[in-house]
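Asker: There's a structure below that I have some questions on.
The values are calculated or read from the model by the stated rules, or taken from the named source; none is laboratory data. Treat the numbers as computed from the prediction; the structure is a model and nothing was measured. Reconstructed Cβ throughout: ideal geometry from the backbone, glycine too, with neighbour counts over all protein chains shown.
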Amino acid sequence: MLVAESDHASALACRYQLLLTMGLYKPCKNAMLKGLIQAGNVILTMVEHPILYSFRRCPYAMRARLGLSVAGVTVRLREVALKHKPAALLQVSAKATVPVLVLADVEVIHESLDILLWALAQNDPAGWLSTDGQQVALMAALVAENDQAFKGHLDRYKYAGRDAIEEAHAARDQCEVFLFQLDERLRRAAYLFGERPSYVDMAILPFVRQFAHVDLAWFRTRPYNALILWLDGLLAGDLFAGIMTKYPPWQPQDPDTLWPSPLETDRRQAS
Ligand SMILES: N[C@@H](CCC(=O)N[C@@H](CS)C(=O)NCC(=O)O)C(=O)O
């Protein structure tokens, strides 16, 4: 372990403190990170690259990859086949949902939102955590609404059987209550909380995409034009393309897949 007292280190400690104050980052169970905040020093474990268990099409995993990618945090990516979860994943996470981020053996982050926020705590070049302070609770509430009510309706819409059209449509109507709420915000500004994207846009984007893809032709006829524009814009960017690269399921004997490659990150940050 290395105790660093550089500017970078204190900036990192400040950011953790900020996240805690904002109520966005749940305090880690891990004493080392708590010590880090209290002492104001950053204790860096010499881990070159955390391990990310991911599934390309999972919206939660997309959310995590968006954060890691924008932050330029390179991970050892392990694509998971959900029907054949690797023993290594089950060992670190009893819950075994993806994404899971393993920060050496000292800490495992099991929730996609925590991974997104952890990544931004390392580096937030696009200012996704910036907020005017007034909006913090509202921002968190919108993500919570996405993860709870909206995702529940979305699953009932997406996975309704062919013989349950009425149920599917009822769930779709319920989803749209949330979508109209997003659209109303997006009529006022380009992004959900202002003229620049925030972590909220990135946390919600993969789920709106999932909704749209259930019946894309129908989705495009709907009267939430600002939302459709927002979705199209974010999906067309390099960042989103970069998180959707395909990888075969990880096998224990495989060499590490470093993702995003440091080269890719440099190229995107320079553009
Ligand atoms: N609350 C979790 C939910 C993650 C989640 O449910 N992921 C799905 C894939 S999209 C999963 O792993 N499901 C377990 C399974 O299918 O076995 C998070 O935010 O990370």
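Asker: Only residues that are within 14 Å of the ligand (Cβ to nearest atom) and part of a loop (DSSP other than H, G, I, E, B): list them for the stretch 138-166, please.
Answerer: Y159 - this is the single residue of the stretch 138-166 that is within 14 Å of the ligand (Cβ to nearest atom) and part of a loop (DSSP other than H, G, I, E, B).
Asker: Moving on. Taking the options R65, R78, name whichever one is in a helix (DSSP H, G or I), in the same structural domain as W250 (by TED's automatic domain parsing) and crowded, with 16+ Cβ neighbours inside 10 Å. Talk me through it step by step, then tell me what you get.
Answerer: Details: R78 fails: in a helix (DSSP H, G or I).
Being in a helix (DSSP H, G or I), in the same structural domain as W250 (by TED's automatic domain parsing) and crowded, with 16+ Cβ neighbours inside 10 Å holds for just one of R65, R78, which is R65.
Asker: Test A119 against the stated conditions and say whether it is in contact (Cβ under 8 Å) with a residue 24 or more places away in the chain and within 13 Å of the ligand (Cβ to nearest atom). Walk me through how you get there before you give the answer.
Answerer: On the way: in contact (Cβ under 8 Å) with a residue 24 or more places away in the chain: yes; within 13 Å of the ligand (Cβ to nearest atom): no.
When the stated conditions are applied, A119 does not pass them.
Asker: I've got another one for you. Considering every residue within the stretch 87-97, establish whether at least one is within 15 Å of the ligand (Cβ to nearest atom), at pLDDT 95 or above and in contact with a strand residue (DSSP E or B) (Cβ under 7 Å, 6 or more places away or on another chain).
Answerer: yes
Asker: Going by the structure shown, is T245 touching a strand residue (DSSP E or B) at 6+ places or on another chain (Cβ under 9 Å), hydroxyl-bearing (S, T, Y) and more than 17 Å from V143 (Cβ to Cβ)?
Answerer: Values: touching a strand residue (DSSP E or B) at 6+ places or on another chain (Cβ under 9 Å): yes; hydroxyl-bearing (S, T, Y): yes; more than 17 Å from V143 (Cβ to Cβ): yes.
So T245 passes the test.
Asker: Considering the stretch 212-271 alone, what residues qualify as being surrounded by 13 or more Cβ atoms within 10 Å (Cβ to Cβ), hydroxyl-bearing (S, T, Y) and over 30 Å from A81 (Cα atoms)?
Answerer: The one that is surrounded by 13 or more Cβ atoms within 10 Å (Cβ to Cβ), hydroxyl-bearing (S, T, Y) and over 30 Å from A81 (Cα atoms): Y224.
Asker: Could you grab me the full set of residues in the stretch 138-161 that are in contact (Cβ under 8 Å) with a residue 40 or more places away in the chain and among the small types (G, A, S)?
Answerer: A140 - this is the single residue of the stretch 138-161 that is in contact (Cβ under 8 Å) with a residue 40 or more places away in the chain and among the small types (G, A, S).
Asker: Which one is nearest to C175 (Cα to Cα) among residues in the stretch 142-160 that are within 16 Å of the chain's Cα centre (by Cα) and of a type outside the set (D, E, K, R)?
Answerer: Step one: of the stretch 142-160, the residues within 16 Å of the chain's Cα centre (by Cα) are 142-148, 151.
Then keep just the ones that are of a type outside the set (D, E, K, R); that gives 142-144, 146, 148.
On the way: L142: 14, V143: 14, A144: 14, N146: 10, Q148: 11 Å.
It comes out as N146.
Asker: Also, I was wondering about something else. Could you check, for the stretch 64-73, whether at least one of its residues is under 14 Å from the mean Cα position of the chain (by Cα), at negative phi and near the ligand (Cβ under 9 Å from one of its atoms)? Talk me through it step by step, then tell me what you get.
Answerer: So the first thing to find is which residues in the stretch 64-73 are under 14 Å from the mean Cα position of the chain (by Cα), and the list is 64-73.
Checking the rest, the ones that are also at negative phi come to 64-71, 73.
Subset that is near the ligand (Cβ under 9 Å from one of its atoms): 64.
Yes, the stretch 64-73 contains at least one residue that is under 14 Å from the mean Cα position of the chain (by Cα), at negative phi and near the ligand (Cβ under 9 Å from one of its atoms).
Asker: Only one of (1) in contact with a helix residue (DSSP H, G or I) (Cβ under 8 Å, 6 or more places away or on another chain); (2) in a helix (DSSP H, G or I); (3) within 29 Å of A126 (Cα to Cα) fails for P197. Which number is that?
Answerer: Exception for P197: condition (2).
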